[in-house]
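The values are calculated or read from the model by the stated rules, or taken from the named source; none is laboratory data. Treat the numbers as computed from the prediction; the structure is a model and nothing was measured. Positions of Cβ are generated from backbone atoms using ideal geometry, with glycine treated the same way; all protein chains shown enter the neighbour counts. Only protein heavy atoms, including side chains, enter the accessible area calculation; ligands, DNA and RNA are left aside. Shrake-Rupley method; radii C 1.70, N 1.55, O 1.52, S 1.80 Å.
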Amino acid sequence: MEFDDWSRVVEEFKITSLPTTLIFGHGVEVERILGARTEEELRIDLAEYL
(Lines give C-alpha, C1' and ligand atoms only; values in the text may rest on other atoms or scores of the structure.)
Protein backbone atom coordinates (compact mmCIF):
# COMPACT_ATOMS: atom_id res chain seq x y z
CA MET A 1 0.00 0.00 0.00
CA GLU A 2 1.05 3.56 -0.59
CA PHE A 3 1.53 5.79 2.45
CA ASP A 4 -1.66 7.74 1.67
CA ASP A 5 -3.63 4.48 1.65
CA TRP A 6 -2.17 3.47 5.01
CA SER A 7 -2.96 6.80 6.62
CA ARG A 8 -6.55 6.57 5.35
CA VAL A 9 -6.94 3.05 6.78
CA VAL A 10 -5.39 4.07 10.12
CA GLU A 11 -7.76 7.00 10.37
CA GLU A 12 -10.85 5.13 9.18
CA PHE A 13 -10.42 2.24 11.61
CA LYS A 14 -8.96 4.32 14.46
CA ILE A 15 -5.80 2.22 14.74
CA THR A 16 -3.74 3.53 17.64
CA SER A 17 -1.21 0.75 18.19
CA LEU A 18 0.65 -1.89 16.24
CA PRO A 19 0.01 -4.65 15.75
CA THR A 20 -3.77 -4.32 15.59
CA THR A 21 -5.87 -7.18 14.24
CA LEU A 22 -9.38 -6.33 13.12
CA ILE A 23 -11.92 -9.09 12.56
CA PHE A 24 -14.95 -8.40 10.43
CA GLY A 25 -18.19 -10.29 10.05
CA HIS A 26 -20.50 -9.29 7.20
CA GLY A 27 -18.55 -6.05 6.75
CA VAL A 28 -18.82 -5.02 10.41
CA GLU A 29 -15.96 -5.02 12.90
CA VAL A 30 -16.72 -7.71 15.48
CA GLU A 31 -13.39 -7.95 17.30
CA ARG A 32 -10.26 -5.88 17.78
CA ILE A 33 -7.08 -7.51 19.08
CA LEU A 34 -4.40 -5.09 20.20
CA GLY A 35 -0.76 -5.94 20.71
CA ALA A 36 1.44 -8.89 19.96
CA ARG A 37 0.19 -12.41 20.59
CA THR A 38 1.84 -15.80 20.60
CA GLU A 39 0.64 -18.32 18.05
CA GLU A 40 -1.36 -20.12 20.74
CA GLU A 41 -2.99 -16.89 21.94
CA LEU A 42 -3.97 -16.04 18.36
CA ARG A 43 -5.43 -19.50 17.85
CA ILE A 44 -7.58 -19.03 20.96
CA ASP A 45 -8.58 -15.46 20.03
CA LEU A 46 -9.55 -16.46 16.48
CA ALA A 47 -11.05 -19.90 17.15
CA GLU A 48 -14.67 -18.72 17.26
CA TYR A 49 -14.30 -17.00 13.88
CA LEU A 50 -12.74 -19.91 11.97
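Of the whole protein surface, SER17 contributes about 40 Å² of accessible area at a 1.4 Å probe radius.
Could you work out what % of the accessible surface of the chain is carbon and sulfur, using a 1.4 angstrom probe and leaving DNA, RNA and ligands out of the count? With neighbouring chains kept in place, the figure for the chain is 57 percent. Within the chain, report the GluC sites (Glu not before Pro) that DSSP leaves as loop and that have at most 11 other Cβ atoms within 10 Å. Answer by residue number: GLU2. Charged neighbours of VAL30, selected by a Cβ distance under 13 Å, balance to -3 (K, R count +1; D, E count -1). Using the Karplus relation 6.51 cos²θ - 1.76 cosθ + 1.60 with θ = phi - 60°, the per-residue 3J(HN,Hα) values for region 33-42 come to 10, 9, x, 6, 9, 6, 4, 5, 4, 5 Hz, with x marking Gly and Pro. Seen from all directions on average, the chain presents a Cα convex hull projection of 4.1 nm². So what is the relative contact order of the chain, in percent, for Cα pairs below 8 Å that sit 6 or more residues apart? Relative contact order for the chain comes out at 24 percent.
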